[in-house]
1. Suppose we filter Arg186, Arg154 for residues that are over 18 Å from the mean Cα position of the chain (by Cα) and either in the same structural domain as Thr291 (by the TED database) or not β-branched (Val, Ile, Thr) (or both); which single one remains?
2. For segment 172-192, indicate whether the set of residues that are in contact with a strand residue (DSSP E or B) (Cβ under 8 Å, 6 or more places away or on another chain), in a strand (DSSP E or B), aromatic (Phe, Trp, Tyr) and modelled with pLDDT of 85 or more is non-empty.
3. Given the structure, is Tyr197 out of contact with any helix residue (DSSP H, G or I) (no Cβ under 7 Å at 6 or more places or on another chain), modelled with pLDDT of 95 or more and not basic (Lys, Arg)?
4. Within segment 245-260, restricting attention to residues that are assigned to a loop (DSSP other than H, G, I, E, B) and open to solvent by 70 Å² or more (accessible area, probe 1.4 Å), which residue is farthest from Leu156 (Cα to Cα)?
5. Residue under question is Ala255, and the condition is that it be in contact with a Pro (Cβ under 6 Å, 6 or more places away or on another chain) and either without any contact (Cβ under 8 Å) to a residue 24 or more places away in the chain or under 28 Å from Asn285 (Cβ atoms) (or both); does it hold?
6. Can you tell which of Val107, Val92, Val71 is outside any loop (DSSP other than H, G, I, E, B) and either open to solvent by 20 Å² or more (accessible area, probe 1.4 Å) or small (Gly, Ala, Ser) (or both)?
7. Test each condition in (1) touching a residue at least 12 places away in the same chain (Cβ under 8 Å); (2) assigned to a loop (DSSP other than H, G, I, E, B) for Gly85 and report the one that comes out false.
Amino acid sequence: MKQIFGLFALLLGVCAANAQTADTVKYAAGNDLYRGITRKLPYRQMVTPYGVEVTFAKTVHIIFPAAVRYVDLGSNHIIAGKADGAENVIRVKATTEGFPGETNFSVICEDGSFFSFNAKYAREPEMLNIEMKDFLENEDTSDFSHTRMNIHFRELGNESPLLVKLIMQSIYKNNDRKVRHLGSKRFGIQFLIKGIYTYNGMLYVHTQTKNSSNVPFDTDFIRFKITDKKVPKRTAIQETVLDAVRSYNEVIEIAGKSTVRTVYALPKFTIPDDKLLVVELYEKNGGRHQTIRVENADIVNAEVIDELKIK
């Protein structure tokens, strides 16, 4: 009887070993190295990488359509960083001469675009200066491209930075004057608010600055702040500064006899009845400052943007 049980146990062991071998073969045949329930990602989910050649004795510069927010390197065979004085240009170089195989690096820009690169060593790279084209310039808004991901930034809340840029570009391109009573004119400088728009809680302010003088106007800064309408004597002024989270076509120097338009994106905010929004434009090393007072009614009546009609 003991011999029978012994043979039976041996048979079970052999079966278990065979089952384990079969299971291993199954995993290997399916190219699945995970121990759990998984599903293979379809190729349409992949961000297609660009191929870049790098070298030790020369620097490769890549120009992006927006300011670079993030750079990550796959290995220490390469180094990369922003070019001095330029927010949308990175330089890439090999740290090891003739390194084998490939490595990679990834870049995220302020407009929410994501770019992936595979880098390999070449003694003489075919391209040393590369421009990554912005598909919005081609007016193609139907395809967000495989290099564009739905990346969000904290300062924009739940809004896509790419959609914010598209809205600002559309407002600038249409150049409508929806507001005709908000402006300031002093010392040959005319500062106007041409329109106030809203979408998904964010506010978009379209401004125009016209320099009728012969002296260039160098912008120091523009400030949006919520302040009290009336301030009693001997009472501290209560102010809340609003930082624009994005701007489109912001120009620092406005030449003489010229006009510049800019669109600013502001985070969601509300104004009590006893307060108002003040927009201040300050000249650097000058005194031709401009101030516009925006009432709560102007904010409430902001034109709602229809996403389907964005051009």
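The values are calculated or read from the model by the stated rules, or taken from the named source; none is laboratory data. Note that the structure is a prediction, hence the values are computed from the model and not measured. A quick note on method: Cβ atoms are made from the backbone with ideal geometry, for glycine too, and the neighbour counts reach across all protein chains shown. Note: accessible area is taken over every heavy atom of the protein model, side chains too, but ligands, DNA and RNA are not part of it. Shrake-Rupley method; radii C 1.70, N 1.55, O 1.52, S 1.80 Å.
1. Working: Arg154 fails: over 18 Å from the mean Cα position of the chain (by Cα).
Answer to the selection: Arg186.
2. yes
3. Considered against the rule, which asks whether it is out of contact with any helix residue (DSSP H, G or I) (no Cβ under 7 Å at 6 or more places or on another chain), modelled with pLDDT of 95 or more and not basic (Lys, Arg), Tyr197 comes out as no.
4. Start the filter on segment 245-260 by keeping residues that are assigned to a loop (DSSP other than H, G, I, E, B), which leaves 245, 249-252, 255-257.
In the following step, the residues that additionally are open to solvent by 70 Å² or more (accessible area, probe 1.4 Å) were identified as 250, 252, 257.
Values: Glu250: 19, Ile252: 24, Lys257: 36 Å.
Among them, the one singled out is Lys257.
5. Yes; evaluated as a whole, the condition is true for this residue.
6. Numbers: Val107 fails: either open to solvent by 20 Å² or more (accessible area, probe 1.4 Å) or small (Gly, Ala, Ser) (or both); Val92 fails: either open to solvent by 20 Å² or more (accessible area, probe 1.4 Å) or small (Gly, Ala, Ser) (or both).
Answer to the check: Val71.
7. Only one criterion in (1) touching a residue at least 12 places away in the same chain (Cβ under 8 Å); (2) assigned to a loop (DSSP other than H, G, I, E, B) is unmet by Gly85, namely (1).
Yes or no, residue by residue, for (1) surrounded by 11 or more Cβ atoms within 10 Å (Cβ to Cβ); (2) more than 26 Å from Gly112 (Cβ to Cβ):
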position	(1), (2)
Lys40	no, yes
Tyr50	yes, no
Ile63	yes, no
Ser75	yes, yes
